[in-house]
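Structure, as structure tokens:
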Amino acid sequence: MLEKVHNHISLPEGSIEKQTTTINLGPTHPATHGVMQNILELDGERVVSSEQTIGYIHRAFEKLAERRPLYQITPITDRLNYCSSPLNNMGWHLTCEKLLKIETPKRVDYLRIIIMELARIADHLICNSIVAVDAGAFTGFVYVMQYRELIYEIYEEVCGSRLTTNIGRIGGFERNFSNTAFEKIEKFLREYPKVLKEFETLMTRNRIFMDRLQGTGGISAERALNYGFTGPNLRAAGVDYDVRVQNPYSSYQDFDFKIPIGNTGDNYDRFQVREEEMWQSLSIINQAYQKVQAFKGADAEIFHADVPEYYLPTKEDVYTKMEALIWHFKIIMGETDIPKGEVYHSIEAANGELGYYLISDGGRTPFRLHFRRPCFIYYQAYSELTKGAMLSDAIITMSSLNLIAGELDA
Amino acid sequence: MILTNEIIQQKLIEKFGNQVSGFDEPYGLLSFEAPKELNLKVLQFLYDDADLQFQFLTDLTGVHYPHQIERELAVVYHLHNLKQNIRLRFKIYTAIEAPEVFTATQLFSTANWMERETFDFFGIKFIGHPNLKRILNVDEMDYFPLRKEYPLEDQTRIDKDDEMFGRGGTNS
């Protein structure tokens with residue numbers, strides 16, 4: 001008699017009895033909006049548990065930074081939260097300026113604020129319109145994109161690039177804002193409120209949208225603080241912590257703006273907080289623009305602090321003056337010793353508190369540089385946020401947290 | 001009561017005596033260190049004390065100082081009292097042969113991934129951590145890349161055959 005042939009598929013032990021389904025969301029899934037993996041355990045459509053795997057685009061920035069002079073680290077920071085690179089760049093310059101004890105002129109501060117708030121708008125705009133996309137509304141996303149494009153054109157006018165901006169230098173900007181840049185900023189200030197209003201009309205009181213967002217992905221203020229939430233996600237939970245107010249940098253104390261907060265910490269509150277922050281950012285840009293315009297004559301030509309050790313001289317000077325040539329050479333070759341010290345500086349980036357912990361041992365490069373990346377810190381709450389939620393709500397929660405893979409993985 | 005660096009320092013010394021040391025204020029930020037066995041006690045005290053209330057863990061990371069014998073690795077905590085808006089930096093040191101410190105995950109949920117990251121890059125083992133495994137690097141990695149014995153590659157080396165990036169091979 002023939003032996004019994006086992007030609008069925010052999011399943012792992014216990015998989016028939018198992019009552020839940022395991023699915024793999026990511027690493028490259030259209031709904032994750034970035035390279036990150038989630039292993040979800042589903043009971044029907046409900047998420048029982050989830051496990052996150054990150055690090056797919058880890059590029060060892062902290063190690064790289066240990067071999068670079070300060071100015072060469074700016075392009076690295078571009079690639080953290082690449083939806084708002086200028087914020088990261090400015091945060092880095094401010095950290096260096098704190099270490100080097102450089103005082104920046106007021107005009108530089110105001111110009112920086114214009115750029116930083118534009119970046120915040122660009123970032124929130126992406127996040128909120130992506131939330132809408134995940135809830136099934138594509139129109140808003142496509143419509144507001146042209147205004148992000150306008151913001152990118154402003155960056156382009158100021159620094160020459162769009163996404164990975166490398167904007168500004170230690171001490172200020174590499175050049176003064178051109179008239180075209182100011183014209184574009186004016187155009188943005190003129191046209192954008194109408195568009196944002198339209199986007200809100202489309203989404204904010206939309207019944208379907210509200211039903212999808214309200215009550216999903218919520219977190220209490222207490223848990224949010226314990227999880228180290230910062231930025232819009234913490235404010236949506238009802239804590240009015242904003243680095244711009246608590247530890248003002250770059251002359252934010254000269255501005256009048258409000259900090260919107262939510263109370264349930266759910267997806268809808270996060271959406272609303274970001275919407276309101278865009279209005280506040282617009283108001284800040286308006287104020288900063290007025291302040292910049294108030295500078296006349298020689299004051300209107302100031303766009304950097306006087307720090308020859310770290311700020312590249314103009315090409316004309318390099319070719320004609322010995323001093324400038326020496327500085328140019330020393331800066332480019334990274335031969336300037338930076339003072340010994342240990343500094344932590346943080347700014348309110350679009351996602352939350354972006355911190356730079358810089359240790360210098362007196363050499364030419366940082367001894368250690370650590371980025372406090374808000375994304376990395378609050379993503380660990382994702383399991384808790386989505387436990388018991390529907391799979392489709394878990395997707396919205398992921399986008400409303402504003403997870404940016406570049407910042408997550410550093 | 002308005003909290004100042006002096007009051008915090010005084011309170012810490014009252015509680016822990018000469019075990020807390022190295023008080024300094026670089027750029028206005030109070031920083032100090034304690035023996036690594038005391039890290040949880042100090043964190044708990046800072047968290048619970050009615051005046052101090054350092055209940056927000058801003059950042060946790062590691063540093064490698066290869067030349068400090070018996071205290072090569074540091075764990076750095078940045079804490080924040082959000083009500084009074086005051087920050088401090090707290091450091092503990094451990095020998096690289098037995099890099100074991102207690103986990104802060106019981107106190108701060110956020111310490112979970114921060115400690116995993118510190119373990120991943122420095123090999124500091126956090127005793128009692130619920131899920132201490134690598135987070136950004138691959139699980140198979142058998143070294144801790146942010147330690148100083150692993151220098152970055154010399155960018156001018158030419159012995160490596162890496163034609164796609166313009167070094168070595170037939171192009172050079």
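For the reader, a short list of remarks on this structure follows.
- Any hit, segment A:215-231, residues being away from chain B (no Cβ under 14 Å), in contact (Cβ under 8 Å) with a residue 40 or more places away in the chain and either closer than 21 Å to residue B:58 by Cβ or not in a loop (DSSP other than H, G, I, E, B) (or both): no
- Counting only residues that are touching a strand residue (DSSP E or B) at 6+ places or on another chain (Cβ under 7 Å) and more than 9 Å from chain A (Cβ to nearest Cβ), segment B:105-139 holds 10 of them.
- Residue in segment A:85-94 that is polar (S, T, N, Q), in contact with a Gly (Cβ under 7 Å, 6 or more places away or on another chain), away from chain B (no Cβ under 14 Å) and not in a loop (DSSP other than H, G, I, E, B) present: yes
- Among the residues of this structure, residue A:80 counts as one that is in the same structural domain as residue A:289 (by TED's automatic domain parsing) and either without any contact (Cβ under 8 Å) to a residue 60 or more places away in the chain or of a type in the set (A, V, I, L, M) (or both).
- If the condition is being part of a helix (DSSP H, G or I) and aliphatic (A, V, I, L, M), then segment A:42-75 contributes A:64, A:65, A:70.
- Residue match in segment A:32-46 (condition: within 14 Å of chain B (Cβ to nearest Cβ), touching a Phe, Trp or Tyr at 6+ places or on another chain (Cβ under 8 Å) and in contact (Cβ under 8 Å) with a residue 40 or more places away in the chain): yes
- Selected residue (only one of A:46, A:59, A:79, A:67 is in contact with a Leu (Cβ under 7 Å, 6 or more places away or on another chain) and either surrounded by fewer than 20 Cβ atoms within 10 Å (Cβ to Cβ) or closer than 16 Å to residue A:369 by Cα (or both)): A:67
The values are calculated or read from the model by the stated rules, or taken from the named source; none is laboratory data. All of these numbers come straight from a predicted model, not from anything done at the bench. Every residue, glycine as well, gets a Cβ built from its backbone with ideal geometry; the counts of neighbours run over all protein chains shown.
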